[in-house]
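Participant: Got a structure for you, questions after.
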Amino acid sequence: MTTSLAFSGHLVIAPVLVPFVAGVLLLMLRDQSLTLQRGLAVLVGLIQIGFALALLIAVADDTLLTYRLGDWPAPWGIVLVADRLAAWMVLITSLLALCAVIYAGGGTDRQGRHFHVLFQMQLFGLAGAFLTGDLFNLFVFFEILLIASYGLALHGGGPARTRAGLHYVVMNLLGSTVFLFAAGLIYSAMGSLNLADLAAKAASLPLDNLGLARAGGLLLLLVFGLKAALLPLHLWLPNAYAGTSAPVAALFAVMTKMGIYAILRTHTLLFGSAAGDLAGLFEPWLMPLALATLVVGMLGALAAETMGRLAAYLVLASVGTLLAAIALGTNGIAAGLYYLPHSTFAAALMFLLSDAIKRRRTASGDSFKPDADMPHYALWGGVFFVAAVAATGLPPLSGFVGKFLILQAAPGHPWVWAILLISALGIVVALARAGSHVFFNSVKPSSATPQLPGQRASLFAPYEFFAIGGLLGLILALTLGAGPAVDFARATALQLADPSVYINAVLGSTR
Amino acid sequence: MEILIALSIGVLTGCGVYLVLRARTFPVVLGLTLLSYGVNLFLFATGRLVIGQPPVIGLASGHADPLPQALVLTAIVIGFAMTAFVIMLSLRARAELGNDHVDGRDGGSQA
């Protein structure tokens with residue numbers, strides 16, 4: 001075996017190990033200066049992007065990389081599997097994480113202890129959950145990313161954050177319990193927990209165990225729906241996301257995508273077309289719930305009183321859009337996979353922007369109350385305008401391409417067209433209202449209004465420039481590179497449509 | 001024995017769900033604990049109930065499924081850590097919000 005083969009053999013586990021090692025290292029450096037920790041966090045972020053890109057290139061020729069932990073053959077040992085979908089998600093997460101961690105360097109990481117450690121542990125859990133090929137291992141990685149997210153969501157403290165955090169933690173603990181019930185039901189019905197093995201066994205499931213397997217499968221949808229904030233399990237999201245600090249909320253933009261990923265994976269692999277009696281188990285539920293989530297997201301955005309809550313409801317609307325796309329079948333999945341990174345970056349951009357605006361409006365923060373003109377309002381108004389265009393999916397940015405592809409994939413679904421277009425209009429109105437309140441509805445600064453301290457009058461801080469500029473750049477890159485990105489998303493959807501590729505890649509050697 | 005195990009899981013889960021729906025953090029934490037007990041027992045039963053057999057193939061006439069035992073062990077450890085976390089969070093919520101209502105608002109006497 002040559003060295004390059006040996007390296008690519010371990011490439012699959014690298015995105016899981018890098019944040020874990022970094023987290024342990026940062027824990028040991030916890031008493032060192034924040035500058036050192038920030039530098040290390042940014043460096044690790046860059047390394048992670050490098051590995052994610054290498055992984056994406058390695059799977060771009062339709063090979064599936066598997067990594068057998070402890071070298072036990074699947075289905076007995078746990079395997080990590082990198083297919084196009086997993087590599088795509090890992091890359092999106094690592095790009096988003098770098099922008100979020102740069103923004104956190106602006107002071108958020110000073111509000112409490114161990115911010116960078118928790119941040120890396122969250123990335124560890126996310127990467128593991130995307131790459132694992134085992135249902136129970138997915139549960140374990142979910143728990144890792146959740147307990148890190150509990151710490152991050154509560155980071156900085158304060159009554160509002162604690163109240164929202166309590167709901168978030170209790171809801172997710174309940175979700176974990178349901179996940180265990182689901183995994184247990186599926187194991188008892190099908191005798192395996194390896195995703196590929198389950199997919200292979202689904203077609204020849206004995207009729208006696210069908211009920212158990214269906215119950216387990218729908219409980220899985222319940223759990224993943226909770227993570228994805230699918231209606232009616234969305235109630236924890238607006239408070240938790242609007243209540244936490246901006247860089248954490250920006251990173252959490254990918255947490256709902258984690259739930260969407262899990263739904264997509266089980267929907268196509270376990271309950272896909274080849275699954276016999278289990279085929280299409282999620283289908284009656286996905287589309288109606290997704291469209292309802294989209295409508296609730298739009299209504300929430302229209303009713304929001306602060307930029308933070310508005311951004312949180314935009315996350316909800318994007319969850320609805322993506323799940324509706326997934327419910328449309330292979331073409332819809334392709335469109336959704338292109339729209340997914342766009343909506344993640346756009347949501348993160350909104351959270352960071354609302355924080356940047358909050359720091360500059362001394363009296364009313366990010367609420368839609370009149371305030372004195374913020375310094376350099378033209379620049380920030382311009383950035384907000386671009387972010388709003390991205391968030392609503394108007395031309396010329398990538399959101400438009402994504403929504404256009406989703407509509408194109410739904411020729412026989414008038415409801416999808418109607419709700420997607422009306423909700424886009426509603427979100428345009430909500431964002432126009434937000435922008436005009438925040439930037440145009442200004443009052444003369446009274447003597448009671450505290451004057452801005454000198455350092456706030458600068459155009460932007462370096463961390464804001466790199467984080468917000470980075471997200472804008474990513475959206476721009478996704479727009480300019482729409483051709484290759486859409487091709488990749490199409491090929492991913494085709495790969496997902498044929499579960500036998502995944503099954504053979506994982507079980508091939510033992511069959 | 002099946003009836004006994006099924007009843008135990010059912011009662012634990014039912015009590016857990018009831019307690020989680022209460023408005024104070026202490027019953028909610030207790031409810032989460034009962035739910036995790038229920039699910040741990042349930043995981044044991046997913047390998048089918050076998051009495052007096054080792055979880056190793058070939059040592060005796062039959063064998064118990066070893067995988068659920070490993071799953072339960074993992075689930076117990078994770079559940080324990082999460083319970084510790086939610087207790088600390090409830091104490092902090094009590095300190096910061098001034099009461100133990102799950103919404104942080106003391107809405108009268110309903111407990």
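Participant: Given the condition assigned to a helix (DSSP H, G or I), of a type in the set (Lys, Arg) and either at pLDDT 85 or above or touching a strand residue (DSSP E or B) at 6+ places or on another chain (Cβ under 9 Å) (or both), answer yes or no: does some residue in the stretch A:428-449 qualify?
Facilitator: yes
Participant: Further, regarding this structure: Which one is farthest from the other protein chains (Cβ to nearest Cβ) among residues in the stretch A:202-214 that are surrounded by fewer than 21 Cβ atoms within 10 Å (Cβ to Cβ) and within 16 Å of A:Pro75 (Cβ to Cβ)?
Facilitator: My answer is A:Ala203.
Participant: Could you grab me the full set of residues in the stretch A:192-201 that are of a type outside the set (Asp, Glu) and either in contact (Cβ under 8 Å) with a residue 40 or more places away in the chain or within 14 Å of another protein chain (Cβ to nearest Cβ) (or both)?
Facilitator: A:Ser192, A:Leu193, A:Asn194, A:Leu195, A:Ala196, A:Leu198, A:Ala199, A:Ala200
Participant: Whether any residue in the stretch A:489-503 is crowded, with 19+ Cβ neighbours inside 10 Å and closer than 21 Å to A:Ile49 by Cβ is what I want to check.
Facilitator: yes
Participant: Have a look at A:Ala183, A:Ala189, A:Ala100 and point out the one that is part of a helix (DSSP H, G or I), among the small types (Gly, Ala, Ser), touching a Leu at 6+ places or on another chain (Cβ under 9 Å) and more than 14 Å from chain B (Cβ to nearest Cβ).
Facilitator: That would be A:Ala100, the only listed residue that is part of a helix (DSSP H, G or I), among the small types (Gly, Ala, Ser), touching a Leu at 6+ places or on another chain (Cβ under 9 Å) and more than 14 Å from chain B (Cβ to nearest Cβ).
Participant: Given the residues A:Phe141, A:Phe130, A:Phe136, which is the only one that is assigned to a helix (DSSP H, G or I) and farther than 19 Å from A:Trp72 by Cβ? It would help to see each step written out before you state the result.
Facilitator: Working: A:Phe141 fails: farther than 19 Å from A:Trp72 by Cβ; A:Phe136 fails: farther than 19 Å from A:Trp72 by Cβ.
None of the others qualify; the one that does is A:Phe130.
Participant: For a quick check of your reading: which helices (runs of 4 or more DSSP H) sit entirely within the stretch A:316-418 and have at least 2 residues that are charged (D, E, K, R)?
Facilitator: On the way: elements: A:330-360, A:377-392, A:398-408.
Correct list: A:330-360.
Participant: If you don't mind, another one. Within the stretch A:48-68, can you find the residues that are assigned to a helix (DSSP H, G or I), touching a residue at least 24 places away in the same chain (Cβ under 8 Å) and over 20 Å from the mean Cα position of the chain (by Cα)?
Facilitator: A:Ala54, A:Ala58, A:Val59
Participant: If A:Ser364 satisfies every condition in (1) farther than 24 Å from A:Leu251 by Cα; (2) in contact (Cβ under 8 Å) with a residue 12 or more places away in the chain but one, which is the exception?
Facilitator: Looking at each condition in turn, A:Ser364 falls short on (2).
Participant: In this structure, is A:Leu222 away from chain B (no Cβ under 11 Å), of a type in the set (A, V, I, L, M, F, W, C) and either outside any helix (DSSP H, G or I) or surrounded by fewer than 21 Cβ atoms within 10 Å (Cβ to Cβ) (or both)?
Facilitator: Details: away from chain B (no Cβ under 11 Å): yes; of a type in the set (A, V, I, L, M, F, W, C): yes; either outside any helix (DSSP H, G or I) or surrounded by fewer than 21 Cβ atoms within 10 Å (Cβ to Cβ) (or both): yes.
When the stated conditions are applied, A:Leu222 passes them.
Participant: If you don't mind, another one. Can you tell me which condition A:Val169 does not meet? The list is (1) more than 8 Å from chain B (Cβ to nearest Cβ); (2) surrounded by 24 or more Cβ atoms within 10 Å (Cβ to Cβ), and all the others hold.
Facilitator: A:Val169 satisfies all of (1) more than 8 Å from chain B (Cβ to nearest Cβ); (2) surrounded by 24 or more Cβ atoms within 10 Å (Cβ to Cβ) except (1).
Participant: Also: Go through the residues of the stretch B:93-109 one by one and say whether even a single one is basic (Lys, Arg) and either within 30 Å of A:Gly216 (Cβ to Cβ) or within 7 Å of chain A (Cβ to nearest Cβ) (or both).
Facilitator: No.
Participant: On to the next question. Quick one: in the stretch A:249-295, which of the residues that are in a helix (DSSP H, G or I) and small (Gly, Ala, Ser) is surrounded by the fewest Cβ atoms within 10 Å (Cβ to Cβ)? Break it down stepwise before answering.
Facilitator: Of the residues in the stretch A:249-295, the ones in a helix (DSSP H, G or I) are A:249-269, A:276-278, A:283-295.
Filter once more, keeping what is small (Gly, Ala, Ser): A:249-250, A:253, A:259, A:262, A:276, A:290, A:292.
Working: A:Ala249: 28, A:Ala250: 31, A:Ala253: 26, A:Gly259: 22, A:Ala262: 23, A:Gly276: 13, A:Ala290: 27, A:Ala292: 17.
By that ranking, first place goes to A:Gly276.
Participant: If a residue has to be β-branched (Val, Ile, Thr) and closer than 17 Å to A:Ala491 by Cα to count, how many in the stretch A:53-80 make the cut?
Facilitator: 3
The values are calculated or read from the model by the stated rules, or taken from the named source; none is laboratory data. The structure displayed is predicted, hence computed values, not measured ones. In this analysis, Cβ positions are derived from the backbone assuming ideal geometry, glycine residues included, and neighbour counts consider all displayed protein chains.
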